[in-house]
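Since the structure comes first, as structure tokens, the remarks are kept for the end.
The values are calculated or read from the model by the stated rules, or taken from the named source; none is laboratory data. None of these values were measured; they are calculated from a predicted model. Here Cβ is always computed from backbone atoms with ideal geometry, including for glycine, and neighbour counts include all displayed protein chains. Heads up: the accessible areas ignore ligands, DNA and RNA and are worked out on the full protein's heavy atoms, side chains in. Shrake-Rupley method; radii C 1.70, N 1.55, O 1.52, S 1.80 Å.
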Amino acid sequence: YLKISKLALAFAIIHSKPPGKSSKEYTEYLAKTVSEQDFGWKWKVEVLEAEVLRLRQELLLNRISPRFCLENRKQDISAETLLDRESINLTRYSSQLEDSGCDVSNDSAFDSLGIASDFHQSEHNVNTYKHWLERVPPLSLCHTNKEQSLTAPVQFLQHLLEIRKLSEGGILQADLSELENDSFTICDSVSQLLDGLTVFYNSPKFPVPNFLTEAVCVLVSLITDTKLSNHVLKKCFKKIEEFKKNLIQIILRNSSVNRFQALHSVSQTLALLGRNNILRNSLIPLLLSEVRQFAEQLLQAHQVKSMYDITQYENIFPLCMILEQLLQNETQESNISSSDYEGEEKIKFLKNLDQIILHLSDEFPLFSLYLWRVSVLLNSGQMQ
């Protein structure tokens, strides 16, 4: 039946083709037309799915705390005002951009590895109900297409976190048992947030908007929150792991001339994710694997006197810095044992590492130094 159908379609195309066109050209034209129609339908479906998710988010928040949703709607914060605020911030930092791409805007907000300085401080700022409501924008806020993929889930998760904090402090009554009945909405929102971050990092714009850092901080806060993390980690852990792998590959494969701002931005996100114990314990083996594989490839190229990828060599250093910082954070927390990241990747990394450092130290001293520093942290649990 399938063969007869294909043959009938071929005859129909041949008989109906316009004069001056070959059967192949006409077939390609029809295929292109059909594919464009499919793309249009897919786009409409994506828009409708996003709207359905937004309604599910509003419904869940209303079930948890009707009072919070009612007060939130009364806020006099318009989309234009917030967008103007963001535009002012972007203009303020635009003067710091250089053609070399080496300057990184808004460095003052981060430490050496991009950790937001006010990340933990915000945990203790619950003073009044009004303070929290004014801090969280309404769900109806609209942005451009790229920003919308981030702002929609971020605002929902922000609302969820604020309700948790307010209810814990006795300021607001909330029925958190509703989360058990609708955990899929939280997971879908986290997935949407991760997809939006991936899209942004694949084609970033500079200076990096403030809402990007806020989005990552909200994600880490959600995973760190003991009351909410179970709903996320049970169903979204694989998605989060894939997100971390994508960020690492974005760093390694970026070959644009002015790529250093993009690398710095992604490094900040990985460092923020590493502040969470669960994410850090799975991130360290990923970084160990990538650094080890590159060291072995570089050694092989050095021994046979062949060319090596200079771009990847430059891109490996952000991973080395993140890895060193994560290992240092691990040793500084007395309640966390170094055995959490011990395993197959640690054994592979330390195997023959002394020989690799010995052979590479003359021509690649900086990279060899990073390898040695990481090995010290793995072996002794402290910097010597």
Check your understanding: With respect to S306, is the statement that it is assigned to a helix (DSSP H, G or I), within 24 Å of P365 (Cα to Cα) and of a type in the set (S, T, Y) true?
Key -> no
Check your understanding: Restricting attention to region 313-333, which residues are surrounded by fewer than 17 Cβ atoms within 10 Å (Cβ to Cβ) and modelled with pLDDT under 90?
Key -> Q328, T331, Q332, E333
Exercise for review: Please work out which one of (1) open to solvent by less than 10 Å² (accessible area, probe 1.4 Å); (2) farther than 23 Å from N277 by Cβ; (3) without any contact (Cβ under 8 Å) to a residue 60 or more places away in the chain is the condition P209 fails and give its number.
Suggested key: (3)
Check your understanding: From the residues in region 309-321 that are free of Cβ contacts under 8 Å to residues at least 40 places away in the same chain and in a helix (DSSP H, G or I), which one is nearest to S229 (Cα to Cα)?
Key -> E314
Exercise for review: Please state which one of A301, A271 is over 18 Å from V199 (Cβ atoms), in a helix (DSSP H, G or I) and not assigned by the TED database to the domain that holds E324.
Suggested key: A271
Exercise for review: From the list L179, L172, L197, pick out the single residue that is part of a loop (DSSP other than H, G, I, E, B), of a type outside the set (F, W, Y), in contact (Cβ under 8 Å) with a residue 24 or more places away in the chain and buried (at least 19 other Cβ atoms within 10 Å of the Cβ).
Suggested key: L172
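Pull up region 4-24, narrow it to residues that are among the charged types (D, E, K, R) and exposed (fewer than 12 other Cβ atoms within 10 Å of the Cβ), then point me to the one that is nearest to S189 (Cα to Cα).
The residue in question is K6.
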Check your understanding: Which residues, taken from region 226-262, are surrounded by fewer than 21 Cβ atoms within 10 Å (Cβ to Cβ), among the hydrophobic types (A, V, I, L, M, F, W, C) and either at pLDDT below 85 or not assigned by the TED database to the domain that holds C187 (or both)?
Key -> L228, L233, V257, F260
Exercise for review: Scan region 36-59 for residues that are modelled with pLDDT under 85 and open to solvent by less than 60 Å² (accessible area, probe 1.4 Å) and jot them down.
Suggested key: G40, A50
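Per-residue answers, yes or no, for (1) without any contact (Cβ under 8 Å) to a residue 12 or more places away in the chain; (2) aliphatic (A, V, I, L, M); (3) over 24 Å from T185 (Cα atoms):
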residue: A215; (1), (2), (3): no, yes, no
residue: L222; (1), (2), (3): no, yes, no
residue: T226; (1), (2), (3): yes, no, no
residue: K239; (1), (2), (3): no, no, no
residue: L247; (1), (2), (3): no, yes, yes
residue: L252; (1), (2), (3): no, yes, yes
residue: S255; (1), (2), (3): no, no, yes
residue: A262; (1), (2), (3): no, yes, yes
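Of the residues I284, I356, which is outside any loop (DSSP other than H, G, I, E, B) and open to solvent by less than 10 Å² (accessible area, probe 1.4 Å)?
On inspection, the qualifying residue turns out to be I284.
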Practice item. Could you please tell me which pairs satisfy a Cβ distance under 9 Å, a separation of 6+ or placement on different chains, a first residue in region 44-64 that is touching a residue at least 12 places away in the same chain (Cβ under 8 Å), and a second residue that is in a helix (DSSP H, G or I) and among the aromatic types (F, W, Y)? Key: L53/F156; R54/F156; R56/F184; Q57/F156; E58/F156; L60/F156; L61/F68; L61/F156
